Amino acid sequence: MTGNDEEIAKIVTRELEKNKVDTQIQEMEFVDADEFNDLDILVVASYTYDDGEVPDGAMDLYEDLTEAKFPNLVYGVCGSGDTFYEDFCSAVDNFGDKLSNTGAREGAKSVKIELFPEDKDVERLIQFTNDILASANRN
Ligand SMILES: Cc1cc2nc3c(=O)[nH]c(=O)nc-3n(C[C@H](O)[C@H](O)[C@H](O)COP(=O)(O)O)c2cc1C
């Protein structure tokens with residue numbers, strides 16, 4: 001929509017690549033949940049829309065996660081929202097719940113960001129990414 005989550009995804013990707021992780025950014029609209037079977041690490045960055053909904057373009061993926069099982073995956077969820085709304089960043093929690101139910105392991109506590117990631121948020125995202133890496137390396 002306005003690029004805040006794209007920026008978040010780039011920050012996480014930069015940190016992963018710094019740690020020599022082979023990384024790919026994909027738009028949720030064009031991702032099939034089956035592809036997650038081939039991954040070691042999944043990071044979801046999602047904004048929140050009307051009344052706490054996941055974005056329209058992410059809905060198919062979100063629903064497909066209900067039936068999915070990823071016992072070997074380590075994941076983290078982050079995203080931007082706006083505290084103007086009552087359900088601040090609830091899509092982050094929704095994706096977290098869905099992924100948790102797949103049997104995947106949460107590698108880091110979710111990070112919720114007010115709109116565009118400022119310096120302090122960049123620090124939080126770097127920590128988040130390193131926590132995920134540490135968790136994945138324990139496998
Ligand atoms: C119509 C509309 C509804 C929104 N609803 C919510 C909401 O319920 N909760 C929330 O935290 N943010 C809400 N937002 C704010 C967006 O999640 C926020 O602007 C986000 O940073 C956009 O991310 P993007 O730049 O990646 O598109 C809403 C924004 C719009 C335009």
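The numbers here are math on the coordinates, done by the rules we state, and not lab data. As the structure is a computational prediction, the values presented were derived from the model and not from experiment. Reconstructed Cβ throughout: ideal geometry from the backbone, glycine too, with neighbour counts over all protein chains shown.
Of the helices (runs of 4 or more DSSP H) that lie entirely inside the range 59-139, those containing 1 or more residues that are closer than 12 Å to Ala45 by Cα span 90-101, 119-137. Here Asn72 clears all of (1) over 19 Å from Glu27 (Cα atoms); (2) within 16 Å of the chain's Cα centre (by Cα); (3) touching a residue at least 60 places away in the same chain (Cβ under 8 Å) except the condition numbered (2). When the residues of the range 128-139 are filtered to those that are more than 13 Å from Val77 (Cα to Cα) and free of Cβ contacts under 8 Å to residues at least 60 places away in the same chain, the one that is farthest from the chain's Cα centre (by Cα) is Arg138. If you go through the range 32-77 and pick out every residue that is within 16 Å of the ligand (Cβ to nearest atom) and crowded, with 18+ Cβ neighbours inside 10 Å, you end up with 13. Only one of the listed residues (Val31, Val122, Val44) is of a type outside the set (D, E, K, R), closer than 27 Å to Lys20 by Cα and in contact with a strand residue (DSSP E or B) (Cβ under 7 Å, 6 or more places away or on another chain). That residue is Val44. A search for C-beta distances below 6 Å between a residue of the range 80-100 that is on the phi > 0 side of the Ramachandran plot and any residue that is among the hydroxyl-bearing types (Ser, Thr, Tyr) and part of a loop (DSSP other than H, G, I, E, B), counting only pairs 6+ apart in sequence or on different chains, returns Cys89/Thr48. Scanning the range 99-126 for residues that are among the basic types (Lys, Arg) and either surrounded by 13 or more Cβ atoms within 10 Å (Cβ to Cβ) or touching an Asp or Glu at 6+ places or on another chain (Cβ under 9 Å) (or both) gives Arg105, Lys109, Lys112, Arg124.
Considering each residue of the range 20-31, count those that are within 17 Å of Leu133 (Cα to Cα) and either of a type in the set (Asp, Glu) or surrounded by 12 or more Cβ atoms within 10 Å (Cβ to Cβ) (or both), and give that number. Selection size over the range 20-31: 3.
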